[in-house]
Amino acid sequence: MSGAMNFKNCGSLLVTGANRGLGLQIVDSLASGRFSPAKIIATTRTPARAQKLQELADKHPNIHIVTLDVVSQESIEKCVEEVGQLVQEEGLNCLINNAGINVVADFHTVTAEKMIENFHTNAVAPLMITKAFLPLLKQAASRGQAGGSGSMGIQRAAVINVTSLLGSVELNWGERANNFKWYPYRTSKSALNMVTRCMAVDMEPDGILCMAIHPGWVRTDMGGSEAPLSPEESISSILSVIGGLTEKDHGSFLNFTGEVLPW
Ligand code: NDP
């Protein structure tokens, strides 16, 4: 059975940054797939400007659009409240921290402000969002256990952090180190990788799976037109990987193809 099929056992899934790029593609692919989660919660900071997402939601009644600016604690708390009303006692099965920015700066142009801006969105926000959603994730995890699916995975509760190969400390050496000398972005993704491992340790007792995934180099606003992968290709592979996650993948850093990447 392919991983994507496993979403039929995932009652609810939330994606951040769902108005364009990979986030929008996750919503589109899940909603139009054969085994769609009962509730796809697509968050964006400005729903009024998310026209493509609105069109998808008009076609698929399981898409729920909720406002979330990932760098605003007030917005995070409002979002949790709204999602709590949507999912009720079933809790939230899968949280995908996808929203991200790339503040381009090299050794010469980098400033403290640029570092902090990129850190806030890419590393601090996924931590604060996961903390805020913890009660709903725990609720789903404990129901999964009661229902007999005691093992880890998206049928129970999972946090997926969309990271980047550029955050790998080990790979930033030799020939590879000559490209993409982006201090704010690279370090923010390295920090997200460590946030992933720390949260994996903390959420393990509750049976909540936590891992980081690299989507490949993809043709989005961020990836640019030269990228080899289409959003459809990347997300089809990512959903297959996410759908098949088990406890052996807890705390892992995986490529979109499912292979293990070096931290
Ligand atoms: P895009 O630039 O195409 O989209 C970024 C998304 O993040 C948008 O929906 C944007 O919303 C949202 N976002 C940014 N800041 C906030 C915020 N404060 N609150 C809410 N939403 C916000 O990027 P991609 O789709 O390509 O990237 C998605 C993820 O994949 C990112 O984490 C990125 O780092 C990662 N990635 C992408 C790669 C690629 O090749 N494309 C490669 C490796 C990793 P808005 O429209 O409101 O700005």
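The values are calculated or read from the model by the stated rules, or taken from the named source; none is laboratory data. Since this is a predicted model, take the numbers as computed values, not measurements. Virtual Cβ from ideal backbone geometry, glycine too; neighbours counted across all protein chains shown.
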Residue count, segment 98-108, condition in contact with a helix residue (DSSP H, G or I) (Cβ under 9 Å, 6 or more places away or on another chain) and more than 8 Å from the ligand (Cβ to nearest atom), comes to 5
Return the residues of segment 109-138 that are away from the ligand (no atom under 16 Å from the Cβ), of a type outside the set (A, V, I, L, M, F, W, C) and surrounded by 17 or more Cβ atoms within 10 Å (Cβ to Cβ); say none if nothing qualifies.
LYS138
Residue tally, condition closer than 23 Å to PHE133 by Cα and either within 15 Å of the ligand (Cβ to nearest atom) or among the aliphatic types (A, V, I, L, M) (or both), over segment 38-52:
9
Of all residues in segment 7-29, how many are more than 9 Å from the ligand (Cβ to nearest atom) and over 13 Å from ILE235 (Cα atoms)?
8
With (1) among the hydroxyl-bearing types (Ser, Thr, Tyr); (2) away from the ligand (no atom under 13 Å from the Cβ); (3) surrounded by fewer than 18 Cβ atoms within 10 Å (Cβ to Cβ) as the list, and TYR183 as the residue in question, which single condition is left unmet?
(3)
Please note which strands (runs of 3 or more DSSP E) are completely contained in segment 11-78 and include at least 1 residues that are among the polar types (S, T, N, Q), at pLDDT 95 or above and under 16 Å from ASN93 (Cβ atoms).
12-15, 39-44
Selection from segment 139-174 of residues that are within 16 Å of the ligand (Cβ to nearest atom) and modelled with pLDDT under 95:
LEU171, ASN172
Suppose we filter segment 229-257 for residues that are over 15 Å from the mean Cα position of the chain (by Cα), within 18 Å of GLY153 (Cα to Cα) and part of a loop (DSSP other than H, G, I, E, B); how many remain?
3
